[in-house]
Amino acid sequence: MCQELRDPFVFYDLDVQDGAVHTFFRYLVAGMKRHAPRFGARVSAVLAEKRDNETVCGTFINEFVETIKGDFFIILDDYHRLRKDRKFTAMMNYFLRHLPANLHFVISSRTTPPLYLAYYLAKQELLHLDTEHLQFDVKETHALLHQIYGLEVPEEEIARITELSEGWATVIQLILQKISATPGSRAKETLNGYVASGEEVFEYFTREVFRNQPRTVREFLMKTSILEYLNREICDRVLSVKGSGKIVSHLETEHIFVLRTGENLLFHPLFQEFLYRRLTDYCTGRDVVRLHDAASEYFQGRGEYSLAVHHLLRAGRFGRAAMVLERQCEYWFTPGEHATFMQFLEQLPGSFILRRPYLQLTRGSMYIEMMQADKGLTDIDRALVQLRRAGDRQGMIKAYTLKFNANIYLMQSARALYNIKKAYALAGDRRSRDKAGVMIDLGNAYRIAGRFRKAQSILEASLKIARAKKDGRLEYRALHKLAMMYYNISALEKAENTFMDIAKRFHDLLYPLELAYIYRTIASIAIDSGDAARARHYIGRSEEIAEQFGDLFLNNFLRLLKGRLSYLEGDHEQAIALLKKTIGKDPEAETKITDLYALLGLVDVHLTVGDIRSARSALMRADSLLKESKDIPQHTVGYETAKGRVETAEGSFEAARISFDHARRICKRVYDPMQHIEICYALSEHSLARGKIAEAYDHFRRCLEIASQHGLETYLVLRGRKDLRLFNLALEREYMPDFVLKANTISNAVISVPSK
C-alpha cells in the first residue's frame, strides 16, 4: 500500500517504547520533515519544555494546518503493542477528535484499538477493515499468485492454499515464496508437506522459506535479527563484514519479509521473532552477546543511547548499561527519552542503581520533571549520603540544587533556601558559570522567601558574571528573576521595563512559551497599574502563543487576568464569571496557585458588590488551598488581609483585627509596598465600620505615604474607587492635598467604564 500511495506519508512501526507520547511525536516529526523540512519547530519546542500531552498534540495540529496544505497520511503499524497504554490511548483519542481534514490516519492492529471507533463510524469518518475484509478469497489469491509471483498453479490448488491459510495474507505469501523458491516444486507437494508436518502454519512456512535461502543469507538473517532496523552501514559494523548492501538489497528484492522505511529496512515482527529464536539455537550465548555488544558500540558512536542501552540490557551487560545511563545524563532529558530512561531502570537489578549516586540523581530529577517531587527527593537524599561519603563536591552541588528544585515545586520556600545555600557554599570559583547558575537559584530562593534586598544583591552579582562570560542564557535567567523581584516589591515600572528588555534582547534565545509567560506578566503589571488597554494588548499577545502550543496552565492564567481586567473596568458580573471558570480547570495539578489567586480575586469582587455570603464561601475554599503554599509569606499576607475584610463586612471586628495583625507581622518581615497598602486600607475600612474616624485617618495616612513613596497612587485609587470617604477625609485634614487631588484625577480616568 505504501509503495502505491502517491500522497506524502509517514510509516510508523510502533513499539512498546512509543507509548511515551513525547517519544512518539519526536519520531513523527522526524518522519514528516522528509516531506516538509520546515515542519516541527514549534512541536520540538514544546517537547523540549516537556509540556503535557494535550499541549504537544494541539501544537502538532496547529503547525500541521499552517504548514501542510495537501493530503498527508500517518500509518501506524502494530498498534496492538500499545493498546493497554491508557495515556497513549487518551492522546490518540484527542488527536483523532481534532484532526485537520487533510490529515489521515491508517492504523493496523492485531486487536481492535481501544479508540472511539463508533463515534467516527457514526460520522462516516472511518473506514473499518476487520479480519473478514482482509482475508484473501480464491479470486484474490489467484491474482496474487499469477500477477505478483508469475506462477501457474491449478485452480484446485489455489483453493487449497486459500483454505489452509484462512485467507491470512502473510501465510499466503510464505506459501507462495516456498513454491517459487523451490525449482520444479508444485503447490500440491508443498501443501502436502505442511499438512504432514503437523506444525503451526506460520512456523512451518517461515522455516521453509528460511531453509531455501543460501547459507550466507541465512546467517545474515539470524545475526541481524537483533537489530531494530537494517542498512548497509549498521550491518557491516555489527557483523564485522563488508558488502552487506548486496544482501540487504536481495532481501528487499525477494520480499523476504522486510519493509522499507526511508533509508532502512524493518523485519516483519513475527519473522524477526522466528529468526532470533534460530539465532539462539545456532550460536553460543557468547556469540549473541558479542553481536549485542557490537550493536551497542555502534549506537553509542552515533549518539543513539536508547538503542545502545537496549542492546546492553539484552546482552545482560547491566554494569555497562548503568554506566551509559549514568554518563549520558543530559541525553535522557531530551524530548521523549525520560520515559525510556525510567523503563530501562526497571530492567536493571536494584543493586546497580543503589551503587550509583549519579544514576539516582538523574532518576530523582526525572521524578521532579514528572511532577512527583516527593519520589524525587527520596532518590536525591539517598544519593547525597553516598556523595558526602565520597567527598564528591560537584555531585553534592547537583544534589542540593535538585532538592531546591523539588522544594520550589512543593512550595517549601524555607527548605528550598536551605538547600540552595548548601549548594552555594560548596560551589567553587566565584566568577565561574557554575557558581553564577547556583547564585541565580539562591537569589530566587531569597525572593520567594520575601528577603528581597538579599535577593537583589545576589541576582545583580550573578548578572555581572553572566555578562562578563557573555553567556546570554545565564544573563536571561538572572534578569528574569530580577524582574520578578521588582514586581514582588511593587516597583512596577522597573519590573515592566526589565521584562520588555528581556523580550527584546533575548527574543532569539527564548522558547515561544517563555516569551508568552513574559507577556503574561507584563499584562499583570499593567492591571496593577490601572492600564486596561495595555493589559488587554499583552493578554492578546500571550494568548496567540498559548493557543498555538495548547498550554493549559498559561491559558487558564490568562483567563484569571481577564477576570481581573473585567474587575478593573467595573464589569463585576463578567469578572465573577471568568474567575469562577478559572477554578478547578486542571484537577490533576498538584499545585493550584491559579485557583488560590482566583478565589482571593472573587473575595474582592463579591465584597465590592456587597455579596458577603459569596465572599465568605470563596474565602473558605481559598483556606484549603493555602495549606499547600503557606510556606510562601506573600500568599499568607494576601489571604489574611482578605479574611480580615470579610470579617469586617460580617461585623466580626475583633476577629478581623487578629487577621490584620497577622498579615502586618508577616508584611513587616517581607515588605511588599502593594500588600502593605492593602493591609492599611483594609484597616482604614475596619475603623470606619466601627465609627473610629481618627483611627481610620491614621491608617489611610500611612496608605498615602507608601503610595507616594513608591509611585503607587493608581493602585491606591483602584483599591478605594467605590468609596472616596477616606480621600475626602485626608483633604479635610489637609494631609498631602496635592497628592490626593492627583489621585482623584487618576480616579476619574480609571473608574470610567467603557460603554457597551
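The values are calculated or read from the model by the stated rules, or taken from the named source; none is laboratory data. Please read all numbers here as calculations on a predicted model, not as lab measurements. Please note: Cβ atoms are built from the backbone with ideal geometry, for glycine as well, and neighbour counts cover all protein chains shown. Side chains included, ligands, DNA and RNA excluded: accessible areas come from the protein's heavy atoms. Shrake-Rupley method; radii C 1.70, N 1.55, O 1.52, S 1.80 Å.
Entry remark, segment 500-513: residues being open to solvent by less than 20 Å² (accessible area, probe 1.4 Å) and either under 30 Å from A707 (Cα atoms) or touching a residue at least 60 places away in the same chain (Cβ under 8 Å) (or both) number 3 in total. Considering each residue of segment 388-402 in turn, none proves to be touching a Phe, Trp or Tyr at 6+ places or on another chain (Cβ under 9 Å), more than 20 Å from I420 (Cβ to Cβ), free of Cβ contacts under 8 Å to residues at least 24 places away in the same chain and of a type in the set (D, E, K, R). Tallying residues that are in contact (Cβ under 8 Å) with a residue 40 or more places away in the chain and open to solvent by less than 30 Å² (accessible area, probe 1.4 Å) within segment 449-472 yields 3.
In summary, helices (runs of 4 or more DSSP H) completely within segment 35-118 and bearing 3 or more residues that are over 30 Å from H268 (Cβ atoms) occur at 41-48, 53-67.
Taking the condition without any contact (Cβ under 8 Å) to a residue 60 or more places away in the chain, surrounded by 17 or more Cβ atoms within 10 Å (Cβ to Cβ) and of a type in the set (D, E, K, R), does E475 pass? The answer is yes for E475. Among the residues of segment 702-734, which ones are over 20 Å from T608 (Cβ atoms) and open to solvent by 70 Å² or more (accessible area, probe 1.4 Å)? Matches in segment 702-734: R702, Q709, E732, R733, E734. Might you let me know whether segment 500-517 holds any residue that is over 27 Å from the mean Cα position of the chain (by Cα) and in a helix (DSSP H, G or I)? Yes, segment 500-517 contains a residue that is over 27 Å from the mean Cα position of the chain (by Cα) and in a helix (DSSP H, G or I). Count of segment 525-534 residues, restricted to those that are over 15 Å from A575 (Cα atoms) and assigned to a helix (DSSP H, G or I), is 5. Set side by side, the residues R564, R559, R534 differ, and just one is in contact with a Lys or Arg (Cβ under 7 Å, 6 or more places away or on another chain) and either free of Cβ contacts under 8 Å to residues at least 40 places away in the same chain or within 22 Å of V637 (Cβ to Cβ) (or both), which is R559. Of all residues in segment 29-57, those being of a type in the set (K, R) and closer than 15 Å to F333 by Cα number 2. Search segment 478-489 for residues being in contact with a Phe, Trp or Tyr (Cβ under 7 Å, 6 or more places away or on another chain) and not β-branched (V, I, T), and hand back the single one that is surrounded by the most Cβ atoms within 10 Å (Cβ to Cβ). Result: A483.
Residue-wise test of (1) of a type in the set (A, V, I, L, M); (2) closer than 25 Å to A45 by Cα; (3) more than 31 Å from the chain's Cα centre (by Cα).
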position	(1), (2), (3)
Y276	no, no, yes
R286	no, no, yes
L307	yes, yes, no
H311	no, no, no
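L561 passes every criterion in (1) modelled with pLDDT of 95 or more; (2) touching a Gly at 6+ places or on another chain (Cβ under 9 Å) apart from (2). Scanning segment 422-448 for residues that are open to solvent by 50 Å² or more (accessible area, probe 1.4 Å) and of a type outside the set (F, W, Y) returns K422, A425, G428, D429, R430, R431, R433, D434. For segment 37-84, give me each residue that is small (G, A, S) and in contact with an Asp or Glu (Cβ under 6 Å, 6 or more places away or on another chain). Once the filter is applied, which keeps residues that are small (G, A, S) and in contact with an Asp or Glu (Cβ under 6 Å, 6 or more places away or on another chain), segment 37-84 yields nothing.
Here's the yes/no breakdown for (1) open to solvent by 10 Å² or more (accessible area, probe 1.4 Å); (2) at pLDDT 85 or above:
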| position | (1), (2) |
| --- | --- |
| L14 | no, no |
| A20 | yes, no |
| R34 | yes, no |
| G40 | no, yes |
| A48 | yes, no |
| F73 | yes, yes |
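Number of residues in segment 363-391 that are assigned to a helix (DSSP H, G or I) and either over 21 Å from M323 (Cα atoms) or hydroxyl-bearing (S, T, Y) (or both) equals 9.
Answer yes or no as to whether R355 is under 20 Å from the mean Cα position of the chain (by Cα) and within 30 Å of A315 (Cβ to Cβ). So R355 does not fit the description; no. Considering only residues in segment 490-499 that are in contact with a helix residue (DSSP H, G or I) (Cβ under 6 Å, 6 or more places away or on another chain) and either open to solvent by 20 Å² or more (accessible area, probe 1.4 Å) or in a helix (DSSP H, G or I) (or both), the one that is nearest to M674 (Cα to Cα) turns out to be L492. Going by the conditions given, is L384 open to solvent by less than 40 Å² (accessible area, probe 1.4 Å) and either closer than 27 Å to A427 by Cβ or among the acidic types (D, E) (or both)? Considered against the rule, which asks whether it is open to solvent by less than 40 Å² (accessible area, probe 1.4 Å) and either closer than 27 Å to A427 by Cβ or among the acidic types (D, E) (or both), L384 comes out as yes. Of all the numbered requirements in (1) assigned to a helix (DSSP H, G or I); (2) within 27 Å of the chain's Cα centre (by Cα), G303 misses one, and that requirement is (1). Restricting segment 306-345 to residues that are touching a Ser or Thr at 6+ places or on another chain (Cβ under 9 Å) and not in a helix (DSSP H, G or I) leaves a set whose member that is most open to solvent (accessible area, probe 1.4 Å) is R317. Residues that are more than 16 Å from F24 (Cα to Cα), open to solvent by 10 Å² or more (accessible area, probe 1.4 Å) and hydrophobic (A, V, I, L, M, F, W, C) within segment 75-110 comprise L99, A101, listed in sequence order.
With the requirement that a residue be touching a residue at least 12 places away in the same chain (Cβ under 8 Å) and among the acidic types (D, E), what does segment 223-253 give you?
Going through segment 223-253, the residues touching a residue at least 12 places away in the same chain (Cβ under 8 Å) turn out to be 223-232, 234-235, 237-240, 244-245, 247-248, 250-252.
Listed by number, the residues that qualify are E228, E252.
Does K454 satisfy being more than 30 Å from R721 (Cβ to Cβ) and within 26 Å of the chain's Cα centre (by Cα)?
Judged against the criteria, K454 is not a match.
Counting the residues of segment 537-580 that are outside any helix (DSSP H, G or I), under 23 Å from M500 (Cβ atoms) and small (G, A, S) gives 0.
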